[in-house]
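We did not get these values from a lab; they are worked out from the coordinates using the rules stated. Computed from a predicted model, the values in this text were never measured in an experiment. All Cβ positions, glycine included, derive from the backbone under ideal geometry; neighbour counts span all protein chains shown.
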Amino acid sequence: MEQLQNLNAILLEANHDVRMLQTGPYHYLLKQRILSDQGHLSNENSGRLLSRLLSSGMEYIFLGHLSKENNLPELAYASVRLEIDMSDTPYRAADFDIRVAARDTYSEVLTV
């Protein structure tokens with residue numbers, strides 16, 4: 001966490017919605033691995049982590065590595081914003097430029 005403080009930009013995984021993963025097509029063992037501490041960040045966990053990293057210098061936030069089967073861009077975006085707004089950080093999601101990185105196209109070039 002210390003190494004991630006005072007960033008200007010971040011690309012953070014928001015891999016899955018827990019409910020979609022639990023009811024989705026993956027077999028049980030794969031679901032368990034994804035949900036484990038060695039797995040992927042859920043939308044909610046991504047938002048909680050991001051809440052701990054926010055600072056006034058943060059210019060861009062990209063959510064990436066979204067599961068094609070177990071997430072939706074709109075759901076990841078809304079879930080991360082909600083976690084930030086519910087956290088005890090002095091910041092609100094509206095204070096930041098939060099974007100979802102597309103799976104199949106380039107993102108725009110940003111200057112940091």
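Tabulated results
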| item | result |
| --- | --- |
| Spacing of the two label points (7 Å from each Cα toward its C-beta) at A101 and M86, in nm | 2.6 |
| Dipole magnitude (debye, nearest 20) for segment 7-112, charges at Cβ of Lys, Arg, Asp, Glu | 300 |
| P(r) histogram, all alpha-carbon pairs of segment 7-50 included - 10 Å bins from 0, percent | 28, 49, 18, 5 |
| Rel. contact order, % - alpha carbon contacts under 8 angstrom, at least six apart, segment 1-83 | 48 |
| Charge dipole of the chain about the Cα centre (unit charges at C-beta), most positive-ward option of S42, L54, L82 | S42 |
| Helical contribution to [θ] at 222 nm, DSSP H n ≥ 4, -39,500 (n - 2.57), averaged over the chain, rounded to 500 | -10000 deg cm²/dmol |
| Directionally averaged projected area (convex hull, Cα atoms, the chain), nm² | 7.4 |
| Whole-angstrom gap from segment 1-46 to segment 79-106, using each part's C-alpha centre | 15 |
| Two-decimal Rg to Rh for segment 64-112 - Kirkwood Rh, Cα set | 1.02 |
